Amino acid sequence: MSQTIALYINGLNVRFGGFAAITDLTLEIRYGESRALIGPNGAGKTTLMDVITGKTRPNSGEVFLDRKLDLATRGEAEIARSGIGRKFQKPSVFEALPVAQNLELAVRRGLGWGEMVMSRLSVAQRERIEEVLVTIGLQEDRQRKAAELSHGQKQWLEIGMLLVAEPKVLLLDEPVAGMTEAESERTVELIASLRSPDRAIVVVEHDMEFVDRVADLVSVLHEGRLLGEGSMQAVRTNPKVIQVYLGR
Ligand code: ADP
């Protein structure tokens, strides 16, 4: 496993008015790893994702991609272009368009409308789309409208829409929420197949069994602070974690 740090977060503080959503949070996420972020509602997980993607500005602290790109000062579009892909909990695919066209639009993301309509895809882009269709298991469904897909398939399509840009950091917010058992199982396999020495995966998830299967390291947040970190086994037996979270 590569030991290079992808995301470096140091002494992070985020306040909303007088309320501290994140307090003195330090976290390092390395290339090659799959990290789970867990914690009860209100722990600060979404806020952390928002800071990493430039949606929320921290009050203080460092947030770096590759030790050089200061994410605390960049806009959302620039951060997305620099290799951070985020999937929100609810799929937001283009329902009226076929699967393949959703991926084509995702390739063109960041272009203006005129360029989007005019530009032709390069051979490399077409090949990338084909690869992604196979990865997300939707090659047979390429001409189907996204609206006709199952909930699970829509989630995979949305992951595919991030994959066409070959993200270095993939942030997945509750990827198995609302999925059937078979779909969750397939998502475990999908996430395993997305692992690469050139990529870091961060999963926010409540389903502990799923976390255990997809993540090497788990960071537990509680009331905006890092409560514990380590393997699922270490976290499960951490008394502080048991007390506030798993022991409920
Ligand atoms: P989680 O994703 O772990 O459930 P969040 O990051 O969504 O937690 O929220 C952390 C805390 O910050 C919560 O108490 C939430 O109410 C608060 N919070 C989040 N966003 C805002 C906001 N824009 N304004 C005020 N409070 C917020």
task: Let me know the number of lysine pairs in the stretch 5-246 closer than 25 Å at the Cα, not counting same-chain pairs under 8 apart.
output: 22
message: Whole angstrom only: what separates the Cα centroid of the stretch 38-108 from the Cα centroid of the stretch 196-248?
response: 20
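Among bridges DSSP assigns within the stretch 5-246, what percent are antiparallel (round to 5)?
On the way: 21 of 38 bridges.
Around 55 percent antiparallel, to the nearest 5.
How much of the DSSP beta bridge set in the stretch 107-248 is antiparallel, as a percent to the nearest 5? Spell out each step's value before the answer.
On the way: 5 of 10 bridges.
Here the share of antiparallel DSSP bridges comes out near 50 percent.
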- line: Rounded to the nearest 10, the angle in degrees between the Cα long axis of helix 181-194 and the longest principal axis of the Cα atoms of the chain comes to 90
field: Under the Debye formula (equal points on every Cα, no solvent term), log10 I(q)/I(0) of the chain at q = 0.09, 0.12, 0.18 Å⁻¹
entry: -0.40, -0.71, -1.44
- line: If one builds a Gaussian network model of the chain from Cα atoms under 10 Å apart, the most fluctuating residue listed among 154, 68, 168 is 68
query: What relative contact order, as a whole-number percentage, does the chain give when Cα pairs under 8 Å and 6 or more residues apart are counted?
result: 28
- prompt: So which residue, out of 233, 101, 139, gets the largest mean-square fluctuation from a GNM of the chain using Cα contacts under 10 Å as springs?
  reply: 233
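Computed over the Cα atoms of the stretch 1-71, what is the convex hull's projected area averaged over all directions, in nm²? Before the final figure, lay out each step's value.
Details: hull surface 19.1 nm².
Mean projected area for the stretch 1-71: 4.8 nm², to one decimal.
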query: Most mobile of 163, 37, 194 per a Gaussian network model of the chain (Cα springs, under 10 Å)?
result: 194
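Per the Kirkwood treatment, what hydrodynamic radius in Å, one decimal, follows for the stretch 171-248 from the mean inverse distance over all distinct Cα pairs? Could you put the intermediate results ahead of the total?
Details: mean 1/r = 0.0745 Å⁻¹.
Mean inverse Cα-Cα distance, inverted, gives 13.4 Å.
Bear in mind that the values in this text are calculations on the coordinates, not laboratory data. As the structure is a prediction and not an experimental result, all values here were calculated from the model.
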